[in-house]
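A short write-up of the structure that comes next.
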Amino acid sequence: MATIYSDQHKPLKELLAMAGKSEDATLLIPDLQRPYIWDPNQVVVLVDSLIRGWPFGTLLTWKVKSDDPARALARSFWRVVDRTGESDGQPISVKHPPAAFHMVLDGQQRVQSLLFAFGGTGWGFKLLDRMWHEQLSGTKPRGPRGRLHWSLGCLCVDMLALEEAYVKTKRATAIDYTAVLRWVVTDDANGQSKLTKPAAYIEPLKKASGIVGRFVRLSRLWEAAPEQAGIDSYAAEEIGISILKEHGVTETERERQKRPIGALLMALKDVKQTRVTYLELAEHEAALGSRESYNDAVVNIFTRLNTAGRTLTREDITFAWLKVGWNTACTQSQSAQVCVEELTQELQDLLVPISVEDLVSAISFVWSVSFNSGKLLSNDDLMKGDAIRPMAANVSDNWLLVRESAYRICAHARDRGLRFRDHYQSVNALAYLWAWYFAALRWRQERALKELEKDSLEKSLAETLDLFMDRWLICSQWAGVWASASAQSLGGYAARLATCAHALAKMPDTATTIAALTQHLDSEVKDIERSAVNGLMAINADDRHQVRGYYTALWLWNRLEQNRWEKAKLALRQDGRRRNSLEVDHIVAWNLWQSKIDTLKGMSPPGDAVVENIEELAPVVNELGNCMLLEKNFNISKSNKPLQQFLENIHEFKVGTITVDEWAAALDMKMPQVDSANSAVEVLRELFAERTQKIRADLEQFIRGTKARIDL
């Protein structure tokens, strides 16, 4: 493929003019869910750097034709960054798109910041007053003040501060503008909230109208700054005097301030001509190769940029398309952003704290299964409107079903005690179940089922999930399905599930539909059994800090036998303390084991080969067979005491409700392991191995479906 980018440069004033136009801007932003994150102080520092002649840095832009589908991803820069609850960014006009335009891929924070400084009347920050106080002075107003009130601040030059600074420095480029530039309310009518304020209310910003002639908008000076190459400082001073007159400055003050304002105008003249270099991604043409390879290159560039502190992803691009094509008529006038964020919160309440990015990925999978014949979106698709636009329409039209599928699957997992990031890690595993459930809901929607039939379908789906959900979520993790080549694996799952979903259309009743869905899920779970067993056998911790990796295995194992579960769920508390946590802990304490190892080494002559074999015993204490998962408020690992001493202080053992022997037997612990202080290392080592084998054998039966949880 030919080189896709070229070096370009423009004067800063031209770039800002391209971005700042209200109707026909030709420098835009790809709307990839990237917020503007700079604060007012950062804008001032950037302007200060430019006036002092310091570098602006390079940009990366993408040249886009008006007929390129990706144009739909573009929006204009903000005129006001509203952090009180609303945003002001607008998509480009669909009716009158520019013939060609550039999207800023890297550098939008700087460009946006300069537009707030130089863009025009009313450009700036709309913040709650408490936020202004925190930003500008680091103070937090007490009580309710500033919680509802807001102010719109525009960047102004404090003429008194400029005059004082110029007297000291005699050069505009030597002034510290962080002490000269001020955020000021310049619009009396719309620049502040209208709510009643207490008599002693402390305003975070000055009002320009309150001190006549004190504050001059920086954008007014930018607009007036001369551009002629041969203009001198006297001409600049005359321009400055004219501006001061506009602002009601007295003749005496104008005489004092004409030189400082003239010098600042000359400095801004140089800033306008600042040469900004940028890499330009070329618009597609035949010389650059196929459209597919071009799109792939653009997506890879997108996803390797670091914008607003976080790398862009394929899901960001997908979400941008969702927002562009979303049909709000199907979602009670709610946008894609609102719908996705609300579902994200609902899932978090169900103990599934996934990100918006992960949720978009899962939604994309559901759509691929039911509406795209199981074909996952490729990089090429992400740049093609005709390939990805249908996703927004399909998802918004069926949003209630998408939402119900996600909710029911996550609620079912919660009810079974399965916690995301505790028992399973993969969003893909969840997405698969969402798509499976969504296929059933689409079948239900396309038929006029009576309420009893709907209830029967729902209960049958729940019964199928009871059979397979645990094994699917946990065993697919152990099988390494999502760890390597996950895109390929996911594509296979999507294709097979799409075939199943398509076949449902011919199913005449609930019974045959459930049978088909159950058979499909059973087949997929059986297919990963061997890999899951191998993955289970490979679970091991070489270090005591890694035993948390046994959490899921031990959590399951505790629930596979009635007597074991009765003893494992006993809350073990010492000294009346109530706060318990469910943690993986050692049975034989790590420190106690180390002391035994040190004793063995001390008994061997220096240089003896036996010492090397003893060293190999050190990590054995971290084997699965020497670990347990219990609800307790004491930590054995960090001690050098045997487990027996902790148990003796537990109420149930003190009063004889249960004996240590029967408790230990239920958890497959032998007493030399429980009371390990006087147990030989080799004896303990054999007990670790024996218990490890027992745990893995039970879990293998769970993987193969011959042993199930008894705790539900």
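The values are calculated or read from the model by the stated rules, or taken from the named source; none is laboratory data. Fair warning: this is a prediction, and the values are worked out from it, not measured in the lab. Virtual Cβ from ideal backbone geometry, glycine too; neighbours counted across all protein chains shown. Surface areas here come from the heavy atoms of the whole protein model, side chains and all, with no ligands, DNA or RNA. Shrake-Rupley method; radii C 1.70, N 1.55, O 1.52, S 1.80 Å.
The residue that is nearest to Ser66 (Cα to Cα), among those in region 370-390 that are open to solvent by less than 30 Å² (accessible area, probe 1.4 Å) and in a loop (DSSP other than H, G, I, E, B), is Met383.
Scanning region 462-499 for residues that are closer than 25 Å to Trp555 by Cβ and aliphatic (A, V, I, L, M) gives Ala462, Leu465, Leu467, Met469, Leu473, Ile474, Ala479, Val481, Ala483.
Considering region 58-81 alone, what residues qualify as being in contact (Cβ under 8 Å) with a residue 60 or more places away in the chain and outside any loop (DSSP other than H, G, I, E, B)? Give the steps one after another, and end with the answer.
In the first step, residues of region 58-81 are kept if they are in contact (Cβ under 8 Å) with a residue 60 or more places away in the chain; the result is 58-65, 68-70, 72-73, 80.
Matches in region 58-81: Leu59, Leu60, Thr61, Trp62, Lys63, Val64, Lys65, Pro69, Ala70, Ala72, Leu73, Val80.
Cβ separations smaller than 6 Å between residues 6+ apart or across chains give the following pairs from region 610-621 residues that are open to solvent by less than 90 Å² (accessible area, probe 1.4 Å) to residues that are part of a helix (DSSP H, G or I) and modelled with pLDDT under 80: Val611/Lys601; Ile614/Lys601.
Here's the yes/no breakdown for (1) touching a strand residue (DSSP E or B) at 6+ places or on another chain (Cβ under 8 Å); (2) of a type outside the set (Lys, Arg); (3) open to solvent by less than 70 Å² (accessible area, probe 1.4 Å); (4) at pLDDT 85 or above:
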site	(1), (2), (3), (4)
Thr61	yes, yes, yes, yes
Val64	yes, yes, yes, yes
Asp67	no, yes, no, no
Leu73	yes, yes, yes, no
Phe77	yes, yes, yes, yes
Val80	yes, yes, yes, yes
Glu86	no, yes, no, no
Pro91	yes, yes, no, no
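Residues in region 1-53 that are in a loop (DSSP other than H, G, I, E, B), more than 26 Å from the chain's Cα centre (by Cα), of a type outside the set (D, E, K, R) and at pLDDT 90 or above: Gly53 only. Go through (1) surrounded by 14 or more Cβ atoms within 10 Å (Cβ to Cβ); (2) under 31 Å from the mean Cα position of the chain (by Cα) and name the single condition Thr139 misses. Of (1) surrounded by 14 or more Cβ atoms within 10 Å (Cβ to Cβ); (2) under 31 Å from the mean Cα position of the chain (by Cα), only one is false for Thr139: (1).
Need a quick list: helices (runs of 4 or more DSSP H) entirely within region 490-588 having at least 3 residues that are farther than 30 Å from Leu624 by Cβ and open to solvent by 40 Å² or more (accessible area, probe 1.4 Å).
In region 490-588, 510-527 are the helices (runs of 4 or more DSSP H) which contain 3 or more residues that are farther than 30 Å from Leu624 by Cβ and open to solvent by 40 Å² or more (accessible area, probe 1.4 Å).
All told, Phe420 falls short of being open to solvent by less than 10 Å² (accessible area, probe 1.4 Å), within 24 Å of the chain's Cα centre (by Cα) and aromatic (Phe, Trp, Tyr). Looking across region 660-677, the residues that are of a type outside the set (D, E, K, R), open to solvent by 40 Å² or more (accessible area, probe 1.4 Å) and either without any contact (Cβ under 8 Å) to a residue 40 or more places away in the chain or assigned to a loop (DSSP other than H, G, I, E, B) (or both) come down to Ala665, Met671, Pro672. Just one of the listed residues (Trp367, Trp321) is modelled with pLDDT under 95, surrounded by 22 or more Cβ atoms within 10 Å (Cβ to Cβ), aromatic (Phe, Trp, Tyr) and over 14 Å from the mean Cα position of the chain (by Cα), and it is Trp321. Annotation: of all residues in region 678-697 being surrounded by 15 or more Cβ atoms within 10 Å (Cβ to Cβ) and of a type in the set (A, V, I, L, M), the one that is modelled with the lowest pLDDT is Val681.
Residues considered: Phe118, Phe125. Of these, the only one that is under 12 Å from Val47 (Cα atoms) and either touching a residue at least 60 places away in the same chain (Cβ under 8 Å) or not small (Gly, Ala, Ser) (or both) is Phe118. Within region 448-469, if we keep just the residues that are open to solvent by 60 Å² or more (accessible area, probe 1.4 Å) and outside any helix (DSSP H, G or I), the residue that is nearest to His502 (Cα to Cα) turns out to be Ala448. Assess whether Leu221 counts as being open to solvent by 80 Å² or more (accessible area, probe 1.4 Å) and either farther than 21 Å from Ile261 by Cα or at pLDDT 90 or above (or both). Criteria not met by Leu221.
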